[in-house]
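The values are calculated or read from the model by the stated rules, or taken from the named source; none is laboratory data. Quick caveat, the model's predicted, so the values are computed rather than measured. As a convention, Cβ positions derive from the backbone with ideal geometry for all residues, glycine included, and neighbour counts pool all protein chains shown.
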Amino acid sequence: MRPLRSPSSLRAAWLALACSALVACGGAGGPTHVTEFPGPLCDAPDADMPLANIGPDLTLRVLCRAGSRGAIASVDEPGPGETPWTVSLDGDDNFSLEAATFVTCNNGGVSVAFVDLQPAFDAVPGDTYDAVATISADHGTFPTTKVALHGEVVAPNVTAPSLVDFGDVPAWQPQTRTLRFNNASPSPVAIAPAAGDLGPFSMSNAVVKAPPPPQNVTEWTLSLDSPPPGDYDVPIVWTATPSPALTFPPACLWTQTIRLRAHVVGDPDGGPPDANRDGGASDVALPLIIP
């Protein structure tokens with residue numbers, strides 16, 4: 001609903017894009033909202049209407065014990081004067097407003113109303129919350145409008161391969177591969193392997209990359225540490241958690257078993273290269289060790 005007071009088409013389009021972008025990304029960035037202006041900062045009001053962008057309905061998805069924010073309305077006063085307006089909530093009290101009253105002034109820029117969702121501490125994936133926000137102008141300068149709010153608690157959304165196969169590799173030669181995790185969760189997660197003996201494999205610290213939203217990527221470097229010939233197959237359980245510092249119910253986590261596999265080929269009695277070997281009878285071959 002957009003009652004207009006003949007602002008330029010470019011300015012109107014910018015405001016509409018700004019509000020819709022804020023809703024789509026959960027309120028990150030965008031114009032700073034202003035809750036109140038002293039009267040002297042505003043020019044004398046007139047009878048024209050402000051530019052109001054309200055809605056659309058908002059859905060927020062959050063991980064266990066996490067929160068989220070979204071924009072539900074923006075109001076601009078492009079001509080002289082000011083527009084007092086308010087936002088109220090009815091429904092689950094897990095939703096809250098960053099501010100409930102606004103005075104949008106032609107000298108102060110755009111005012112944006114944000115709503116926050118903070119689920120209960122013991123909430124698990126599948127729990128939902130609903131409320132309705134009512135946005136209204138004090139003097140009826142734009143129509144009162146309702147925005148439906150829906151919140152969902154979700155588990156981490158991570159994808160990764162089930163197998164990293166080094167293939168046929170020569171004995172005694174170190175090898176590396178990259179294991180990539182794609183995280184499309186509503187917020188960052190910590191991804192780590194379970195502790196245990198991984199020999200002859202090892203791992204280095206993860207590198208987190210940030211492609212365009214809504215995903216980010218975590219990469220681990222896997223190493224095959226110069227083993228003797230043989231077949232190696234090691235299962236590793238990986239977990240993605242909303243916070244590595246807290247303990248969560250299993251439903252709040254993502255887990256997946258990923259197998260590391262290699263077929264190491266070569267002379268089982270040859271041993272690793274040794275610059276001091278002269279081929280004499282005193283040479284001792286390393287035994288074949290297959291965990």
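Output yes when any residue across the range 49-63 is under 22 Å from the mean Cα position of the chain (by Cα), modelled with pLDDT under 95 and within 22 Å of CYS252 (Cα to Cα), and no when none is. There is no residue in the range 49-63 that is under 22 Å from the mean Cα position of the chain (by Cα), modelled with pLDDT under 95 and within 22 Å of CYS252 (Cα to Cα). Right, LEU97: under 23 Å from the mean Cα position of the chain (by Cα), farther than 19 Å from GLY109 by Cα and at pLDDT 95 or above or not? Answer is yes for this residue. Could you please tell me which pairs satisfy a Cβ distance under 6 Å, a separation of 6+ or placement on different chains, a first residue in the range 235-248 that is of a type in the set (Gly, Ala, Ser), and a second residue that is part of a strand (DSSP E or B) and surrounded by 14 or more Cβ atoms within 10 Å (Cβ to Cβ)? Close Cβ pairs satisfying both conditions: ALA240/VAL158; ALA240/ILE191; ALA240/TRP254.
Please work out if PRO211 is modelled with pLDDT of 95 or more, of a type outside the set (Phe, Trp, Tyr), over 24 Å from ALA245 (Cα atoms) and assigned to a loop (DSSP other than H, G, I, E, B).
Against the criterion (modelled with pLDDT of 95 or more, of a type outside the set (Phe, Trp, Tyr), over 24 Å from ALA245 (Cα atoms) and assigned to a loop (DSSP other than H, G, I, E, B)), PRO211 does not qualify.
When the range 75-102 is filtered for residues that are surrounded by fewer than 21 Cβ atoms within 10 Å (Cβ to Cβ) and among the β-branched types (Val, Ile, Thr), the ones remaining, listed by number, are THR86, THR101.
Does at least one position in the range 68-77 carry a residue that is at pLDDT 50 or above, outside the structural domain of LEU246 (by TED's automatic domain parsing) and not in a strand (DSSP E or B)? Break it down stepwise before answering.
Within the range 68-77, the first condition is being at pLDDT 50 or above, and the residues that meet it are 68-77.
Of the ones still in play, those that are also outside the structural domain of LEU246 (by TED's automatic domain parsing) are 68-77.
After this cut, where a residue has to be not in a strand (DSSP E or B) as well, the list is 77.
Looking for residues that are at pLDDT 50 or above, outside the structural domain of LEU246 (by TED's automatic domain parsing) and not in a strand (DSSP E or B), one finds at least one in the range 68-77, hence yes.
Among the residues of the range 154-175, those identified as surrounded by 12 or more Cβ atoms within 10 Å (Cβ to Cβ) and more than 15 Å from THR257 (Cα to Cα) are VAL154, ALA155, PRO156, ASN157, PHE166, VAL169, ALA171, TRP172, GLN173, PRO174, GLN175.
Check ALA123, ALA113, ALA148, ALA133 and return the single one that is under 30 Å from PRO193 (Cα atoms), surrounded by 15 or more Cβ atoms within 10 Å (Cβ to Cβ) and modelled with pLDDT of 95 or more. Give the derivation first.
Working: ALA113 fails: under 30 Å from PRO193 (Cα atoms); ALA148 fails: under 30 Å from PRO193 (Cα atoms); ALA133 fails: under 30 Å from PRO193 (Cα atoms).
Answer to the check: ALA123.
Would you mind stating whether THR255 is under 26 Å from ALA66 (Cα atoms) and free of Cβ contacts under 8 Å to residues at least 24 places away in the same chain? I'd like the intermediate steps shown before the answer.
Details: under 26 Å from ALA66 (Cα atoms): yes; free of Cβ contacts under 8 Å to residues at least 24 places away in the same chain: yes.
So THR255 fits the description; yes.
Inspect all residues belonging to the range 115-134 and state whether any of them is closer than 30 Å to PRO50 by Cβ and either over 26 Å from the mean Cα position of the chain (by Cα) or polar (S, T, N, Q) (or both). Give the steps one after another, and end with the answer.
First, the residues of the range 115-134 that are closer than 30 Å to PRO50 by Cβ: 115-117, 130-134.
With the extra rule that they be either over 26 Å from the mean Cα position of the chain (by Cα) or polar (S, T, N, Q) (or both), the set shrinks to 134.
Within the range 115-134, one or more residues are closer than 30 Å to PRO50 by Cβ and either over 26 Å from the mean Cα position of the chain (by Cα) or polar (S, T, N, Q) (or both).
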